[in-house]
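Structure first, then comments.
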Amino acid sequence: MIRRVFIMVILLTVITSVDVLAGSKDRKDKKDNPLLLRKSITAIKTDTPPVIDARLDDEAWLSADIADKFVQYSPFSGSPSKYRTEVRVLYDNSAIYIGAMMYDPYPDSIYTELGERDSDYNLNADQFTIDICPYNDGINGATFKVSVSGVQSDRPPKKEYSFRHMGNTWDAVWESKTAIVGNGWIAEIRIPYSALRFPKDKVQTWGINFWREVRRNREQSSWNYVDRGIGTSFNHLGEMKQIKDIKPPLRLSFTPYVSGYIEQNPDYKAVGLTYNGGLDLKYGISESFTLDATLVPDFGQVQSDDQVLNLSPYEVRYNEKRPFFMEGTELFNKGNVFYSRRVGSRPKAYYDVYKDIEATEEVRLNPMESSLINATKVSGRTKSGLGIGVFNAVTNSMYATVEDTETGETRQVMTDPLTNYNMIILDQSLKNNSYISLFNTNVWRNAVNDKNFYTANVSGTEFNIQNNSRLYSISGQLAVSQKYYKDIDNDFGHAFQLRGGKTGGAFRLEYELEALSDNYDHNDMGYMRRNNELQNQVNVSYNIYQPFWKILSARNSISYRHTMLYTPRVFTGSEFNLNSNVTFKNHLTFFL
């Protein structure tokens, strides 16, 4: 079966070669294509910042440079937008200001649906978007979006090639105001420097792009042209030049808290009263690095998880809702070995208490979550593109209270020892939006010998290399896990993944090899469903970006996967998948 997989790879490589030869002329012609020239706008410094009122009548806007001549992203990629858009940019010592005039001949037809924050993907409304990259590297930055009805959305850039990148959990503090006027609608935005990280250079050039979506006919357009077949939107930024003499602000905030709880057990007449106090700290160490710390945190106000009826053999993965673990954690997602819900999770021996008690004993108290003493993280990126992240958290020892129903005596049973969680990540950005990362996680438990209480360590690397055209890439990951016990043999495992091929353009061909040894495990600080697996997979896809006939766009793919146990090498299954997603010009979509 493996031989068949490799034969398929060779055949598909031949097909790809034909595609490359056939498309060579088109790529040569693109050298003279004005769409591929990077646009630029000059940022103007102002001593009198505009009032954010969606009127654009401040005198400062009169001197601002204009970004216009938007180009369609969809439906007709590369064609001029049907709607005129003008964007102006100003800055002062504390923020940048964006004023956008979206002309529309039928303002009464503008879609204005309301929604909650960060609901942009599901919002049936016209929207204006800013992609901004202060380091001008196409990787590090943020996206700010506002709808015509004033709904804000923001997120760090989505890295297409990171392994199973987590969703949006970042909310910055910025200001926006929108209004529908007689000839369209206006968005006026203020983004404070505290929401961005940027260098201390005297004169700076930032990467930037502006987007507009006209919802009623599904037109998306951008100021700087974005090729739908290559990379992400951050690979196609224009430039904002002549940003002079700005300094990162002092980023320092303290948030002390006090909380109290009253508890009553129906089996007892006594009422329990507890109180807590702690502090959250955020400090900008430099223009690029930030320290976040929380001391004796209380997450009692955090929304609880939805109840899930899990009929699968796999653990349910819940989204993070605790603010400290939601902000500034993008670096720690590298390698997919960090799952923040492990910190302060259910004690490892929580269920063992019920199995180990005597017939005359009952469990009177068994905390469901480990108590977090403190947590700290430092993250940022140097001018040379080196991202550095350090995370540390400590949880307290947890005990269950067991009572003998005949004698009334109670005893304490440890369900989780004092535990230290630590992660270090180094991520070097390379040209063509490539990168290489090194990561290490360590979980240390202060406990006597027990099958549940051991020290766990995971070390590894992850990389993604793309060529100049970003049509071809190779990516991979290698990790080693170690578990150290006191009185039993230590446990070591390894995992690797290699993926490469033609990953850009309309026609794509990718091959993936993934291997997880039978004793590889990064679950102490990460999340994984299974190990002991060897998998080969081939993916072929052809995407249609330009409308034709009655079709607006289409995504079609064929994949074949062959799976075995890693130890012993026993065949476990194979899959052949055919997927098609076709959107017609009436915006109806067909799935197969």
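The values are calculated or read from the model by the stated rules, or taken from the named source; none is laboratory data. The shown structure was predicted, so the numbers you read here are calculated from the model rather than taken from an experiment. Ideal geometry is used to build each Cβ from the backbone, glycine not excepted, and the neighbour counts take in all protein chains shown.
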Mind checking whether some residue in segment 449-460 is touching a Phe, Trp or Tyr at 6+ places or on another chain (Cβ under 9 Å), under 30 Å from E512 (Cα atoms) and among the β-branched types (V, I, T)? yes
Quickly run through segment 53-94 and pick out the residues that are polar (S, T, N, Q) and touching a helix residue (DSSP H, G or I) at 6+ places or on another chain (Cβ under 8 Å). S94
Between a first residue in segment 313-330 that is surrounded by fewer than 21 Cβ atoms within 10 Å (Cβ to Cβ) and a second residue that is of a type in the set (D, E) and part of a loop (DSSP other than H, G, I, E, B), which pairs have beta carbons less than 6 Å apart while being 6 or more apart in sequence or on different chains? Y318/D305; M326/E320
Quick one: in segment 443-463, of everything that is modelled with pLDDT of 95 or more and polar (S, T, N, Q), which residue is nearest to G387 (Cα to Cα)? T461
For segment 71-120, which residues satisfy the criterion of being in contact with a Lys or Arg (Cβ under 6 Å, 6 or more places away or on another chain) and assigned to a loop (DSSP other than H, G, I, E, B)? S77, Y111
Filtered residues of segment 411-441 (kept if among the charged types (D, E, K, R) and outside any strand (DSSP E or B)): K431
I'd like to know if segment 287-303 contains one or more residues that are farther than 30 Å from P249 by Cα, in a loop (DSSP other than H, G, I, E, B) and among the aliphatic types (A, V, I, L, M). no
Please pick out the residue among S194, S162, S147 that is more than 24 Å from I285 (Cβ to Cβ) and either assigned by TED's automatic domain parsing to the domain that holds Q477 or modelled with pLDDT under 95 (or both). S162
Out of segment 52-64, which residues are over 33 Å from the mean Cα position of the chain (by Cα) and not basic (K, R)? L56, D57, D58, E59, A60, W61, L62, S63, A64
Which of (1) over 25 Å from the mean Cα position of the chain (by Cα); (2) within 21 Å of R251 (Cα to Cα); (3) hydroxyl-bearing (S, T, Y) is the odd one out, the single condition Y351 does not satisfy? (2)
Quickly run through segment 483-502 and pick out the residues that are over 22 Å from G460 (Cβ atoms) and in contact with a strand residue (DSSP E or B) (Cβ under 6 Å, 6 or more places away or on another chain). G501, K502
Within segment 564-588, can you find the residues that are farther than 30 Å from N217 by Cα and in contact (Cβ under 8 Å) with a residue 40 or more places away in the chain? L565, Y566, T567, F571, S574
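Table: residues versus (1) modelled with pLDDT of 95 or more; (2) hydroxyl-bearing (S, T, Y); (3) out of contact with any Pro (no Cβ under 9 Å at 6 or more places or on another chain).
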| residue | (1), (2), (3) |
| --- | --- |
| I52 | yes, no, yes |
| F76 | no, no, no |
| T85 | yes, yes, yes |
| L90 | yes, no, no |
| Y111 | yes, yes, yes |
| G115 | no, no, yes |
Can we say Y73 is within 20 Å of Q127 (Cβ to Cβ) and aromatic (F, W, Y)? yes
Could you identify the single residue in Y111, Y103, Y121 that is in contact with a Phe, Trp or Tyr (Cβ under 7 Å, 6 or more places away or on another chain) and either of a type in the set (F, W, Y) or under 15 Å from E175 (Cβ atoms) (or both)? Y103
Find the strands (runs of 3 or more DSSP E) located wholly in segment 208-267 whose residues include 2 or more that are in contact (Cβ under 8 Å) with a residue 24 or more places away in the chain and of a type in the set (S, T, Y), and list them. 219-222, 252-264
Name the pairs whose Cβ atoms lie under 8 Å apart, with the first residue in segment 102-118 and assigned by TED's automatic domain parsing to the domain that holds V146 and closer than 15 Å to N217 by Cβ, the second exposed (fewer than 12 other Cβ atoms within 10 Å of the Cβ) and not polar (S, T, N, Q), and 6 or more positions between them or separate chains? P107/G182
